[in-house]
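Participant: One structure follows; several queries about it will come next.
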Amino acid sequence: MTIDDEFETTDRPLTERELAIIAFEATWFMLDEQRHLAIRARFTCSVEEYNLELNRMIDHPAAMLADPLVVRRLRRQRERRRRALIDGTAAGEQG
């Protein structure tokens, strides 16, 4: 069973940590500290670990219930990054 399967088959609510991540994503730009430093201080993990957790969490159905505007924004940003990566790779192969 994968994490994606877990999201589809259970009605598990978001954890306190996941809710804190959504709240952080809604407000981090208003902080006086840099984002990567705030992530390390608040969530005691690397930025890479945080981003993996964030990307998994925004696909969780309960995330949309917690803060739909933030979750939609994060999903759009992720999709833009994926498209840029694909387009950049495809453009590099053609030339």
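Participant: Could you work out the local net charge near Trp28, counting Lys and Arg as +1, Asp and Glu as -1, over the other residues with Cβ closer than 12 Å to its Cβ? Present the calculation step by step, with values, prior to reporting the outcome.
Facilitator: Details: positive: Arg35, Arg42; negative: Glu25, Asp32, Glu33.
Summing Lys/Arg as +1 and Asp/Glu as -1 gives -1.
Participant: Within a Cβ distance under 11 Å of Ala66, other residues only, what is the Lys/Arg minus Asp/Glu net charge?
Facilitator: Value of the local net charge: -3.
Participant: By the scheme Lys and Arg +1, Asp and Glu -1, what is the net charge of all other residues having a beta-carbon under 14 Å from that of Val47?
Facilitator: Charge balance in the 14 Å sphere: -2.
Participant: Sticking with the crude label model, points 7 Å out along Cα→Cβ, report the distance from Ile86 to Asn51 in nm, one decimal please.
Facilitator: If labels sit at Ile86 and Asn51, their model points lie 1.9 nm apart.
Since every read-out is calculated from the coordinates, none of them should be taken as a lab result. The structure presented is a predicted model; accordingly, all values stated were derived computationally and were not measured. Don't worry about glycine lacking a Cβ; one is built from the backbone with ideal geometry, like all the others, and counts go over all protein chains shown.
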